[in-house]
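The values are calculated or read from the model by the stated rules, or taken from the named source; none is laboratory data. Computed from a prediction, not measured in an experiment: that's the story for all the values here. A quick note on method: Cβ atoms are made from the backbone with ideal geometry, for glycine too, and the neighbour counts reach across all protein chains shown.
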Number of protein chains: 2
Amino acid sequence: MNLLAATPASVRQTPTVLIRGTGLLGASIGLGLRADGHKVLLSDPSPTAQAIAADIGAGTLLERTSAQTTPEIVIVAAPPEATAGEVAAALVRFPEAVVLDIASTKAEILNHLLLLAQDEDAALTRADLTRYVGTHPMAGREKSGPVAARGELFTSMPWVICPATDPSSGDQLSAPAAVEWAEEIGRRLGATVHRMDPVRHDESVALISHLPQIAASLVASRLQDAPVSALALAGNGLRDVTRIAASDPGLWVQILSSNARPVVEILYGLREDMERLIGTLEDPRAAGGQADIAQLIAEGNSGVTRVPGKHGAPPQSFAVLTVIVDDKPGQIAAVLNDVASIGVNVEDLRMEHSAGHQVGMVELSVLPGRRDELAEAMTELGWKVVLS
Amino acid sequence: MNLLAATPASVRQTPTVLIRGTGLLGASIGLGLRADGHKVLLSDPSPTAQAIAADIGAGTLLERTSAQTTPEIVIVAAPPEATAGEVAAALVRFPEAVVLDIASTKAEILNHLLLLAQDEDAALTRADLTRYVGTHPMAGREKSGPVAARGELFTSMPWVICPATDPSSGDQLSAPAAVEWAEEIGRRLGATVHRMDPVRHDESVALISHLPQIAASLVASRLQDAPVSALALAGNGLRDVTRIAASDPGLWVQILSSNARPVVEILYGLREDMERLIGTLEDPRAAGGQADIAQLIAEGNSGVTRVPGKHGAPPQSFAVLTVIVDDKPGQIAAVLNDVASIGVNVEDLRMEHSAGHQVGMVELSVLPGRRDELAEAMTELGWKVVLS
């Protein structure tokens, strides 16, 4: 079946999917699509990686499949720097298939494909690009390899679909049916689908993903030689800011290199703010210095209120109340049971860590209108409740 | 009773405490000490603030107390820039009292006091400083004012005790008994007491508190004009890095101004790393560029492993497993009940936020040796468990 003539909206169809690259994401896609009824073929330059992916049930090895079985969709889940080459090869080898990739940046891959399609000696033609759609599932990457794969990896996560677009004319190159299939794959894996231009996508992830990664790494890097006595004072602020500094250097070299321009543009702005702050702190009592500091913090205030909350809902200030519990199994559950029995929904929950004591704090975020009622009812039930 | 001759170790004593400054922290100290049996006097330049603090039970107004009632301990809980003046005034007015302050930075206040003690015209003498001990309770500051006060605010939080030290000779000025009383106050309020030199304290908080605050504000500030479509892709990474950007500008002007030198020294290092990264990203395919990026991320890796975990325990990698739940009251409690029934302790818990779907993910951190057993048992109980 040629998917360009068979949009997902028509009837429920389960095209055969080839996954090229069976690391964490490729194998997870395989598991998820098989669970959804698709026939999944697997291929990876590493015989071990593809064998493990097949063993855990992510699909059947392409090399063991009869030549008659051709994929209708190819998903390239290769490392970012290998992606454009793999997409081109798939478009040429499977001349009727829709080909998707899932790399973290999109414009550089598209530019690479457009160059290849211009090259008279290359087998790839510009017409082939109607079957290509770039995508970016924004799912966990802390672990790698097919062993860590799970079909539920994409549940509720954003999956950005970037139809190929001619950068000079702005014309969309991807066929509408190919884009619909890309979105359908994301939805079938439980993700929340967003459609975005490749350049806009890269600018967006530079800001909301690459910038925080750089900031976390820069801050964590300063801790390398910190005295243990200083680190012992660390609170949730430091833990929150540095958490993602634990990321994989190899992957981030590829991500930042392939999105260098949008990232560096943001860093210019950051550098300007930091230079101003350094100037102020070098002479903090000079005229205007205190106003400069106040402005930086105030600008951070306005920026952070724009970060959406849970479920992409508009940013909302929840009211927080803290329950003090003993640090033993079952205590948090007991808290939440009582909260549920009072009938209040917990919008967010954090454990407050602290040094030395075997006492924990459970921070509950609830709708502001419900907080006082909840605090009162929990106190009546014997909990130590802190409202600040 | 003169506390310099009556260390807390001797017998259980509950000295009369005057709290000067009845904002969130001052009023919380009052509530906590009263609950511990102390007589607490309150005083604040704002008649409203001190009246509210008295109304919520943090203590008795000093101005309504008979002249015979003199405090044996004075705790100055004024804004940072007013602290040194208030400490000096208290040392002079109550010539037998131990005087503590609780401002977020310590060296500048001590230097200010030493200057005042040198001034022949000032009433303060160097001998008075034997009764002064600087302290810094590292407790929540998101809300301000006595209304938000709670006696449990300091439970399990670090409280740094900084005996006054002559910066040139290094000799300790605070009397040992005064330092013991400062530590005792922290312990009686449930905090974990750390002892540290004022200069070392300021360097420590510059790194573990002021640097993350600046990084969070700088990143959040970049979001002010971000398109809504970009913000819709935000994940926990951005949320974690920017959370503390919601802090109070007025307070942070005072904190950063009073700790300008240690902070700016750290920012010089950060700027150097950032300049190198900008240079690399301006020409990411140049020789050595990719190695530079990898090095930044790797240095972040080594820094973040040094951040202590829960209860100040040595950094430990917990194994994470994620349970997918419906977003309705009681689901998280049900998860944790089952975890408790399996007998595994949850070391950390986070809710995974995601855009669009009414499905939540509960991320449980457990000792690595218990994870697989827990995952298996939870799956048997019917939960959707993701191990990656």
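Odds and ends about this structure:
- Verdict on A:GLY190 being touching a residue at least 24 places away in the same chain (Cβ under 8 Å), within 14 Å of another protein chain (Cβ to nearest Cβ), touching a Ser or Thr at 6+ places or on another chain (Cβ under 8 Å) and surrounded by fewer than 24 Cβ atoms within 10 Å (Cβ to Cβ): yes
- Scanning the stretch B:228-264 for residues that are outside any helix (DSSP H, G or I) and more than 7 Å from chain A (Cβ to nearest Cβ) returns B:ASP248, B:ASN259.
- B:GLU183 charged (D, E, K, R), surrounded by fewer than 22 Cβ atoms within 10 Å (Cβ to Cβ), under 18 Å from the mean Cα position of the chain (by Cα) and farther than 28 Å from A:GLY300 by Cβ: yes
- Residue pairs whose Cβ atoms lie under 8 Å apart, sitting 6 or more positions apart in sequence or on different chains, and linking a residue in the stretch B:4-20 that is at pLDDT 85 or above to a partner that is surrounded by 15 or more Cβ atoms within 10 Å (Cβ to Cβ) and of a type in the set (S, T, N, Q), are B:THR16/B:THR70; B:LEU18/B:SER43; B:ILE19/B:SER43; B:ARG20/B:SER43.
- The stretch B:114-137 - residue that is crowded, with 24+ Cβ neighbours inside 10 Å and of a type in the set (A, V, I, L, M) and, of those, nearest to the chain's Cα centre (by Cα): B:VAL133
- Residue in the stretch A:64-85 that is of a type outside the set (Gly, Ala, Ser) and in contact with an Asp or Glu (Cβ under 6 Å, 6 or more places away or on another chain) present: yes
- Residues in the stretch B:183-206 that are assigned to a helix (DSSP H, G or I) and in contact with a Cys (Cβ under 6 Å, 6 or more places away or on another chain) were compared, and the one that is farthest from B:ASP171 (Cα to Cα) is B:HIS201.
- Any chance B:VAL76 is within 19 Å of B:LEU129 (Cβ to Cβ) and within 20 Å of the chain's Cα centre (by Cα): yes
- Annotation: A:SER174 fulfils all but one of (1) modelled with pLDDT of 95 or more; (2) closer than 27 Å to B:ARG243 by Cα; (3) outside any helix (DSSP H, G or I); the unmet one is (2).
- Every residue from the stretch B:51-70 that is within 19 Å of B:GLY151 (Cβ to Cβ), touching a residue at least 40 places away in the same chain (Cβ under 8 Å) and not hydrophobic (A, V, I, L, M, F, W, C): B:GLY59
- If the condition is being of a type in the set (Lys, Arg) and either outside any loop (DSSP other than H, G, I, E, B) or more than 8 Å from chain A (Cβ to nearest Cβ) (or both), then the stretch B:276-297 contributes only B:ARG276.
- Residues of the stretch B:327-339 satisfying the condition of being at pLDDT below 85, over 31 Å from the mean Cα position of the chain (by Cα) and of a type outside the set (S, T, N, Q): B:ASP327, B:LYS328, B:PRO329, B:GLY330, B:ALA334
- A count restricted to the stretch A:302-326 and to residues that are in a loop (DSSP other than H, G, I, E, B), at pLDDT below 85 and surrounded by fewer than 19 Cβ atoms within 10 Å (Cβ to Cβ) stands at 7.
- Residue in the stretch B:137-149 that is in contact (Cβ under 8 Å) with a residue 12 or more places away in the chain and more than 12 Å from chain A (Cβ to nearest Cβ) present: no
- The stretch B:1-56, subset in a loop (DSSP other than H, G, I, E, B) and within 14 Å of chain A (Cβ to nearest Cβ), residue nearest to B:GLU72 (Cα to Cα): B:GLY23
- When the stretch A:215-227 is filtered for residues that are more than 7 Å from chain B (Cβ to nearest Cβ) and buried (at least 24 other Cβ atoms within 10 Å of the Cβ), nothing remains.
- With respect to being surrounded by fewer than 20 Cβ atoms within 10 Å (Cβ to Cβ), at pLDDT 95 or above and not charged (D, E, K, R), A:PRO163 falls outside the description.
- Screening the candidates A:ARG131, A:ARG126 for the property of being away from every other protein chain (no Cβ under 14 Å), more than 23 Å from A:PRO8 (Cα to Cα) and among the charged types (D, E, K, R) yields one hit, A:ARG126.
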